């Protein structure tokens, strides 16, 4: 495949994921990723800052979509209801791409550096949701608590979805987990 073929970023992501699973994240090199994708290392660096970011490209889109959904939730929605709207937006972004999510999660779970990067991503999402809730009029403590609960629901639901049966629905898992949280507060 020549360098002029379309979707170099997509080919790089696929090649990187394959190599990470075959040889381990640490052993895979940018040169190997680029070669497998049919591009140069220079092209790799046009799309990604480093080999870690191949797995996290799109995080900013997830953050933007979740923040936009939270902001667009009805004015009378409680902070947790607004967070639920953000979680629904996340489920739409992930869609039915369970196979890819499973592969990506396997690579992240096998590497401490990548787990740390994933936690940083989650912290940024929590910050964005907190800010969105503040802008909707929530007090600081209430906004932070609702955002952190939302991220906990997201993380546990995502792992359940990845570990669950084929054809699972991330949106359904998220809604079920959020209902469990609500049930915990009613006891």
Problem set entry | Hey, residue 75 over 16 Å from the mean Cα position of the chain (by Cα), at pLDDT below 95 and surrounded by fewer than 19 Cβ atoms within 10 Å (Cβ to Cβ) or not | yes
Exercise. Out of curiosity, is residue 87 assigned to a helix (DSSP H, G or I), in contact with a helix residue (DSSP H, G or I) (Cβ under 6 Å, 6 or more places away or on another chain) and closer than 30 Å to residue 137 by Cβ?
Worked result: yes
Exercise. Taking region 16-43 as the region of interest, how many residues are surrounded by fewer than 17 Cβ atoms within 10 Å (Cβ to Cβ), without any contact (Cβ under 8 Å) to a residue 24 or more places away in the chain and in a loop (DSSP other than H, G, I, E, B)?
Worked result: 2
Exercise. When you go through 46, 13 one by one, which is the residue that is over 30 Å from residue 141 (Cβ atoms) and buried (at least 17 other Cβ atoms within 10 Å of the Cβ)?
Worked result: 13
Exercise. Among the helices (runs of 4 or more DSSP H) confined wholly to region 90-187, which include 2 or more residues that are in contact (Cβ under 8 Å) with a residue 24 or more places away in the chain and closer than 26 Å to residue 28 by Cβ?
Worked result: 98-109, 112-135, 140-163
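The values are calculated or read from the model by the stated rules, or taken from the named source; none is laboratory data. Computed from a prediction, not measured in an experiment: that's the story for all the values here. All Cβ positions, glycine included, derive from the backbone under ideal geometry; neighbour counts span all protein chains shown.
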